[in-house]
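In what follows, a single structure is set out as structure tokens and then discussed.
Nothing in this text is a laboratory measurement; each read-out follows from the coordinates by a stated rule. From a predicted model like this one, the values you see are computed outputs, not experimental measurements. Cβ: placed from backbone, ideal geometry, glycine included. Neighbour counts: every protein chain shown.
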Amino acid sequence: MITHLNIKGLAIIENLEIDFSPGFNVITGETGAGKSILILALHFLTGAKVTSDVVRTGAEQATVMGEFLVEASHPAVQSLLNLGIEAEKDGEDVVILIRRQLSSKGRSQAWINDISVSSQALKEIGHGLVDIFAQHENQRLMHSSEHIRYLDQFSNSPKELLAVQTIFKNCETTLAEIEAVVQKVQTMTRDRDYLDYRLEELKKFGPSKEDFDSVNELCESTDKWVAEKENLTECLSLLENGDSEGIGGVLWELAKKLSHQNHEGEGLKERVENIAREVEDIHFTLSSRVSNLDVDETALEEAQNRQYGYQELFRKHAVKTVEELTRVFDVLRGDVGVLESAQEKIKELISQFEKQISELERASLQLTSLRKKVSQNLKKKVEKEIHELSMKGARLDFEWSGIERTPPIVSLASINSKLDSTFSLLMNHFAKYSSMGAEKVQFLLASNPGEASLPLVKSASGGELSRIMLALKKTLAADAETCVLVFDEIDTGISGSVADVVGSKMRELAAHFQVLCISHLPQVAVYADTHCLVRKQGKKNRTETEIVKLSQDESAKEIARLLSGREVTPSSLSHAKNLMAQARA
């Protein structure tokens with residue numbers, strides 16, 4: 001149950017607090033007093049999206065806080081533990097405190113037990129705590145597409161539907177793969193000549209990381225050798241000094257001249273001869289190194305041409321490294337491989353698709369069998385409820401029809417005409433199923449005995465829709481795991497004795513759930529365990545909404561007002577007290 005609700009800065013509410021009680025809580029108030037804001041607050045608190053225009057004018061943010069008390073075995077408690085949120089106990093029960101905030105700029109934040117949570121986590125927890133039945137839900141009954149969902153809710157066995165949904169999704173995945181292969185084949189077929197040219201060019205060139213590194217290394221080392229050889233050649237030229245004898249010949253000539261000198265000239269001669277020998281040795285060493293640095297001009301030219309070839313391929317394929325170029329090469333080979341193996345790939349996928357459709361057919365048959373079995377039980381229970389809601393003799397029936405989807409157009413004719421024929425048959429078969437199974441279900445109503453059963457949109461009045469929805473809700477709620485059922489003016493279009501039965505039905509639901517009901521009918525309000533009044537107050541030139549719990553006497557006066565209008569008369573008050581006594585009895 002929800003024990004406490006606090007709303008700040010939401011619409012016309014500045015600060016509102018209310019403590020709810022177990023059982024049946026009725027909320028009444030004049031039109032426009034702000035009752036619907038309570039529903040908005042509960043929607044917001046349990047994860048619904050709202051826009052920033054709901055923030056009260058002049059406020060920086062809107063905040064809603066709700067305190068829930070649930071049994072320790074409730075699924076929401078396990079969800080909290082899965083999120084790593086500690087569950088605080090209150091005796092045998094667990095307290096769940098939810099707070100959500102929306103800034104005037106549209107930013108939303110949420111906390112559970114003071115731990116920040118995502119909007120998705122909040123929605124999962126909130127879905128298990130509160131089931132809100134708003135006014136517009138009556139209109140959902142007018143849409144036959146919603147009827148099968150009510151039937152599945154009543155089955156209380158989601159595994160059959162989940163199996164169908166899982167297999168259907170697998171079929172869609174396989175179909176998407178087939179479409180992707182076909183599209184790729186069609187694109188590559190159009191570009192086949194260019195594809196073959198690019199692949200042949202790369203095949204002929206044969207790029208590889210090892211070759212690229214080898215070519216670059218040869219070119220770089222050859223450049224060094226050429227520079228070194230040029231330098232050494234210049235050194236030799238200096239030693240030779242433009243003469244065949246060079247500097248060495250000059251030194252030997254000098255030594256010869258000095259040999260004709262006296263004994264003092266002998267020392268100079270030896271020194272010059274030693275220098276001449278050293279110069280000759282240097283000349284020999286330089287000459288040897290120059291001859292060893294001969295470059296293979298043919299190999300160098302080939303390497304340079306290959307280096308240029310790599311740069312051209314980089315440019316053509318818009319890559320910067322040899323690794324990227326080799327990946328392009330692999331992709332091109334793969335693309336050509338796809339063209340060559342497309343038929344085998346398509347065959348494999350079609351075989352897989354065929355098996356999945358067979359699985360879908362089996363799972364859908366099981367789901368159909370369950371639905372038809374459940375529908376009879378639902379029919380009995382809903383008819384019992386609507387008969388008690390003054391629709392004596394009314395009959396609820398079901399109209400079953402097959403799924404008729406238009407299959408997507410995927411042609412395999414350009415790949416293989418036989419495969420195209422097989423695939424077309426499979427697609428036509430697949431079009432007979434949806435993620436909801438093999439059938440559609442529409443509720444039919446015969447309002448009176450002897451009348452033909454017609455779709456609700458043709459046969460049900462507004463009041464009858466409200467009663468059917470209440471009957472469905474009461475029937476579906478029997479095994480629900482939610483804590484709080486919220487009804488927003490479900491009694492629209494209902495009055496008199498029927499309204500009294502609606503109040504009684506609400507009271508019955510309150511034996512299993514906490515029920516919050518916004519109503520304008522006194523016949524419903526008299527069944528309340530707790531009666532709250534929403535009213536507007538003018539404060540400081542602004543309108544504010546407040547909510548107050550009513551005592552038994554105050555509740556009698558409010559019910560009397562609902563009976564007679566604004567003015568409470570002695571007769572209306574007496575009538576109100578009599579209705580309350582009858583309801584308690």
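Sparsely packed loop sites in region 35-105 (the trypsin sites (Lys or Arg not before Pro) outside DSSP H, G, I, E and B with at most 11 other Cβ atoms within 10 Å) comprise LYS49, LYS105. Can you bin region 1-103 into rounded, prolate or oblate? Criterion: square roots of the alpha carbon gyration tensor eigenvalues sorted a ≥ b ≥ c, rounded for a/c under 1.5, prolate for a/b above b/c, oblate for the rest. Because a/c hits 1.5 or more and a/b fails to exceed b/c, region 1-103 counts as oblate.
Applying 0.36 nm per residue to the separation of GLU567 and SER118 and subtracting their alpha-carbon distance, the gain on full extension is 156.7 nm.
For region 89-97, putting each phi into the Karplus relation 6.51 cos²θ - 1.76 cosθ + 1.60 with θ = phi - 60° gives couplings of 8, 10, x, 8, 9, 10, 8, 10, 9 Hz, in residue order, rounded to whole numbers and with x for Gly and Pro.
For the pair TYR197 and GLU348, the difference between a 0.36 nm per residue extended length and the Cα-Cα distance amounts to 51.4 nm. Rounded to the nearest 20, the Cβ-based charge dipole of region 387-428 about its Cα centre (Lys and Arg +1, Asp and Glu -1) stands at 60 debye.
Couplings 3J(HN,Hα) of region 113-119, computed from phi: 6, 6, 10, 5, 9, 6, 5 Hz, in residue order, whole Hz [Karplus 6.51 cos²θ - 1.76 cosθ + 1.60, θ = phi - 60°; x for Gly and Pro].
Database remark: amide H of ASN15 closer than 5 angstrom to the amide H of GLY9 (H placed geometrically; neighbours at sequence offset of 5 or more, or on other chains; Pro and chain starts carry no H). Using only alpha-carbon positions in region 72-176, the gyration tensor eigenvalues give semi-axes of 31, 20, 18 Å once each is multiplied by 5 and square-rooted (largest first). 3J(HN,Hα) along region 547-559, derived from phi through the Karplus expression 6.51 cos²θ - 1.76 cosθ + 1.60 where θ = phi - 60°, amounts to 10, 10, 7, 9, 6, 5, 5, 5, 5, 4, 5, 5, 5 Hz, with x in place of Gly and Pro.
When a/c is below 1.5 the answer is rounded, else prolate if a/b is larger than b/c, else oblate, so apply that to region 510-585 with a ≥ b ≥ c taken from the square roots of the Cα gyration tensor eigenvalues. Judged from the Cα gyration tensor, region 510-585 comes out oblate (a/c at least 1.5, b/c at or above a/b).
At q = 0.18 Å⁻¹, what log₁₀ I(q)/I(0) does a Debye calculation on the Cα points of region 362-490 give, no solvent, two decimals? Scattering profile of region 362-490, log10 relative to I(0): -1.04. Descending by average beta-carbon neighbour count within 10 Å, the peptides 567-579, 522-534 line up as 522-534, 567-579, the highest first. The packing ranking, built from the mean of other Cβ atoms within 10 Å per residue, places the peptides 402-409, 39-46 in the order 39-46, 402-409, highest first.
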